[in-house]
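Down below is the structure, laid out as structure tokens.
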Amino acid sequence: MSLDFVTSRPARWKARFAVTPLFIFGLSCSEDEPSAPAPPISELVVVSGDLQTGTVGQGLADPLVAQLRHRETGEGLANRPISLTVESGMGSVAGTAGGSAAGDGATLTTQTDASGRVSVALGLGPEAGLQIFSVHTSVEVTGDSLVRIFAVAEPGAVQRVVKSGDGQEGATGAVLPLPVAVLLSDRFGNPVSGVEVGFGATAGGGSVSESMVATDEFGSAAVEWTLGAAAGSQAMSAVVDGVGTFRFEAIAQ
């Protein structure tokens, strides 16, 4: 009986020894996780040309310059795709190497040069106010792959004058019911503010409330017209410097 007990112990230890390496091997496999992907090495930046002010329907003074570069060394990445889009304002983009696009949603795609840059001329659309462009790349970058560019479009020169309050009738010596006004706008219909307009009675002995008025944000300059003491046709004028003189008539009763 003692011999059977002694000879059976080595068998049990052998079994335990055979299982142990398999258990350790399994643990070593479970710790072999795949490595995380490396982060992108490039970034998209606007070098110059943002936040400009210009005139509707004309090109901005400075081109938009954007660069795709190594985020650590700053070295430009050549021959990479860059797209430029008109987002609002009905403007245009034109590449220095050729190609153009105009109107909201229009896109021009070009390639970066040897320094990783693109240079594009921006044209303002006909609408006064804020206009928006964007530059985008399909290359994986650190940070934003789309950057918006903002520009302010100011109205152009006065091209159109509309009279208001002409042809009224009123009592002699009284203020006419409606003010006399001129509305100034550029060739696209944008109101032109800050323009000095001169007013004055020219026939009938009447008077105006102000002799000089600047157009407001709606392009309007207005005065009250008091008729003279004589019955019949009376007149006054509005003078827009560099544009012309505009006559108003009224009947005094």
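The values are calculated or read from the model by the stated rules, or taken from the named source; none is laboratory data. Every value quoted in this text rests on a predicted model; they were computed, and no experiment measured them. Note that each Cβ is placed from the backbone with ideal geometry, even for glycine, and that neighbours are counted across all protein chains shown.
Residues that are within 29 Å of Gln131 (Cα to Cα) and in contact with a Leu (Cβ under 8 Å, 6 or more places away or on another chain) within the range 64-76 comprise Leu64, Ala66, Gln67, Leu68, Arg69, Gly76, listed in sequence order. Among the residues of the range 84-102, those identified as in contact with a Leu (Cβ under 7 Å, 6 or more places away or on another chain) and either more than 11 Å from Gly125 (Cβ to Cβ) or free of Cβ contacts under 8 Å to residues at least 40 places away in the same chain (or both) are Leu84, Val93, Gly95, Gly99, Ser100, Ala101.
One residue stands out among those in the range 205-227 that are outside any loop (DSSP other than H, G, I, E, B), within 41 Å of the chain's Cα centre (by Cα) and of a type in the set (A, V, I, L, M, F, W, C): the one that is surrounded by the fewest Cβ atoms within 10 Å (Cβ to Cβ), which is Ala214. Just one of (1) under 30 Å from Pro81 (Cβ atoms); (2) in contact (Cβ under 8 Å) with a residue 40 or more places away in the chain; (3) charged (D, E, K, R); (4) out of contact with any Gly (no Cβ under 6 Å at 6 or more places or on another chain) fails for Glu127. It is (4).
When each of Val135, Val120, Val162, Val182 is tested for being surrounded by 17 or more Cβ atoms within 10 Å (Cβ to Cβ) and more than 30 Å from Val46 (Cα to Cα), the lone residue that passes is Val182. If you take the residues of the range 188-204 that are within 42 Å of the chain's Cα centre (by Cα) and part of a loop (DSSP other than H, G, I, E, B), which of them is surrounded by the fewest Cβ atoms within 10 Å (Cβ to Cβ)? Applying the filter and picking the extreme gives Gly194.
In the range 82-92, what count of residues is obtained for those that are over 15 Å from Val46 (Cα atoms) and in a strand (DSSP E or B)? Matching residues across the range 82-92 total 4. Taking the listed residues Gly105, Gly98, the one that is within 21 Å of Ala61 (Cα to Cα) and not in a strand (DSSP E or B) is Gly98, with no other qualifying.
Residue by residue, here is whether (1) outside the structural domain of Ala101 (by TED's automatic domain parsing); (2) β-branched (Val, Ile, Thr); (3) closer than 21 Å to Met212 by Cβ holds:
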{"site": "Ser134", "(1), (2), (3)": "no, no, no"}
{"site": "Thr142", "(1), (2), (3)": "no, yes, no"}
{"site": "Leu146", "(1), (2), (3)": "no, no, no"}
{"site": "Gln168", "(1), (2), (3)": "yes, no, no"}
{"site": "Leu178", "(1), (2), (3)": "yes, no, yes"}
{"site": "Ala181", "(1), (2), (3)": "yes, no, yes"}
{"site": "Leu184", "(1), (2), (3)": "yes, no, yes"}
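Name every residue in the range 66-93 that is over 17 Å from Phe188 (Cα atoms), aliphatic (A, V, I, L, M) and either out of contact with any strand residue (DSSP E or B) (no Cβ under 7 Å at 6 or more places or on another chain) or surrounded by fewer than 18 Cβ atoms within 10 Å (Cβ to Cβ) (or both), in order of residue number. The answer is Ala78, and nothing else.
The sole residue among Ala97, Ala114, Ala101 that is closer than 15 Å to Ile149 by Cβ and either assigned by TED's automatic domain parsing to the domain that holds Ser193 or touching a strand residue (DSSP E or B) at 6+ places or on another chain (Cβ under 8 Å) (or both) is Ala101. The listed residues are Leu44, Leu77, Leu64, and the only one of them that is in contact with a Phe, Trp or Tyr (Cβ under 8 Å, 6 or more places away or on another chain), modelled with pLDDT of 95 or more, closer than 18 Å to Thr137 by Cβ and aliphatic (A, V, I, L, M) turns out to be Leu64.
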